[in-house]
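To keep things clear, I will list the structure first and then write my remarks on it.
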Amino acid sequence: MNMNMNMKHSAWNPTKRNRNIGTEKSGYSQNNKFVVPERWADLKVFWERLVNPVIFPININGHKITMLVEPTRKGYVHASTPQDIIKALELIEQKHLEELEVFVLRQPKKKEEILKPVWGRFIYYADLGKYSGSGIYIEAVKVGYTIKWGNKLTPFYKKELQALELDGHRIDRVKRGYDIHTTPETVRNTQLFRTLPHEIGHAADYLHNSLDPSIEADSESEADYITEVFNSKPGLDKEEYANRYAKEFYVRWYAQGLLPFDRIFEKETLEKQGLNPEWFFY
């Protein structure tokens, strides 16, 4: 969806406000020298600097999304194929699906894995040149990687630990905390059936509690206030909203026998899309 369409106030552009979400301006510390640069000289955020992505369109229930796939480094894999993602997206509510303009399968840099490891992220506005817009990123993962968590877990992370175990990850209790042993199969469970709808949940939260009310506002000042209230909402509240959305999504389609589903690895289809099947092979 073009975020500039149907605006009551032509000067108001929510994409400009939300370009700061997730950067230093939203509160990240600038004191640690060993950091991931939030913005480079070209004003791009680190996740916007894609390296040789393969770009092709996908059509989900009549809605066109641009998919961008970065090649994986040695020892890494994209756990979900584009066909997996298409099948999952076909189950998303249409008005939430239409918030997505891009879907990126990204190879993270080593420093990012150390400082800002994520399964995926929802981007309110990604500047990808011709293919810019709101979208979802899913990260490539190192095969056989072990995630280490300390002993002091918040209630939020205790729930997440339980969810990871349900996804199939083997979790060992060790002296200093928890070792979470991943495989491509268990990562696929996490990213495809939880992370993807979780990130859609962030889009739904933004749509229902910021964008739509702002568009319907009677003045620009009212629109600004609505946006500011949403932006100042605690991050944990946003995460809980997205978690509820993902859980409801899974429960609904599990009851109908549509989730989970087996991996879709079609070598010929991948090659027709210009992709190297080895990026997805395990």
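The values are calculated or read from the model by the stated rules, or taken from the named source; none is laboratory data. Quantities reported herein were computed from a predicted structural model and do not represent experimental measurements. In this analysis, Cβ positions are derived from the backbone assuming ideal geometry, glycine residues included, and neighbour counts consider all displayed protein chains.
Data table
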quantity	calculated
Helices (runs of 4 or more DSSP H) lying entirely in the stretch 76-184 (those with 1 or more residues that are out of contact with any helix residue (DSSP H, G or I) (no Cβ under 9 Å at 6 or more places or on another chain) and either assigned by TED's automatic domain parsing to the domain that holds Leu50 or crowded, with 20+ Cβ neighbours inside 10 Å (or both))	82-89, 94-97, 110-115
Residue identified as under 29 Å from Tyr282 (Cβ atoms), in contact with an Asp or Glu (Cβ under 6 Å, 6 or more places away or on another chain) and assigned to a helix (DSSP H, G or I) among Thr190, Thr195	Thr190
Residue within the stretch 264-272 that is touching a residue at least 24 places away in the same chain (Cβ under 8 Å), closer than 23 Å to Gly135 by Cα and not in a helix (DSSP H, G or I) present	yes
Only listed residue being modelled with pLDDT of 95 or more and under 20 Å from Ala246 (Cα atoms), chosen from Asp172, Asp167, Asp179	Asp167
Single unsatisfied condition, Glu239 versus (1) part of a helix (DSSP H, G or I); (2) without any contact (Cβ under 8 Å) to a residue 60 or more places away in the chain	(2)
Search result, residues across the stretch 187-219 that are closer than 22 Å to Phe122 by Cβ and hydroxyl-bearing (Ser, Thr, Tyr)	Thr190, Thr195, Tyr206, Ser210, Ser214
From Pro234, Pro213, Pro260, residue being surrounded by 12 or more Cβ atoms within 10 Å (Cβ to Cβ) and without any contact (Cβ under 8 Å) to a residue 40 or more places away in the chain	Pro213
Qualifying residue in the stretch 232-240 (condition: at negative phi and touching a strand residue (DSSP E or B) at 6+ places or on another chain (Cβ under 8 Å))	no
Matching residues in the stretch 97-118 - criterion: being under 14 Å from the mean Cα position of the chain (by Cα) and under 22 Å from Tyr131 (Cβ atoms)	Leu97, Glu99, Leu100, Glu101, Val102, Phe103, Val104, Leu105, Arg106, Gln107, Pro108, Val118
Leu115 vs. criteria among the aliphatic types (A, V, I, L, M) and closer than 12 Å to Asn59 by Cα	no
Search result, residues across the stretch 130-189 that are within 30 Å of Glu99 (Cβ to Cβ), of a type in the set (A, V, I, L, M) and in contact (Cβ under 8 Å) with a residue 40 or more places away in the chain	Ile136, Ile138, Ala140, Val141, Val187
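Conditions tested, residue by residue: (1) out of contact with any helix residue (DSSP H, G or I) (no Cβ under 8 Å at 6 or more places or on another chain); (2) assigned by TED's automatic domain parsing to the domain that holds Tyr124; (3) farther than 30 Å from Phe56 by Cα.
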{"residue": "Asn189", "(1), (2), (3)": "yes, yes, no"}
{"residue": "Leu192", "(1), (2), (3)": "no, yes, no"}
{"residue": "Pro197", "(1), (2), (3)": "no, yes, no"}
{"residue": "Ile200", "(1), (2), (3)": "no, yes, no"}
{"residue": "Asp218", "(1), (2), (3)": "yes, yes, yes"}
{"residue": "Glu239", "(1), (2), (3)": "no, yes, yes"}
{"residue": "Leu258", "(1), (2), (3)": "yes, yes, no"}
{"residue": "Asp262", "(1), (2), (3)": "yes, yes, no"}
{"residue": "Thr269", "(1), (2), (3)": "no, yes, no"}
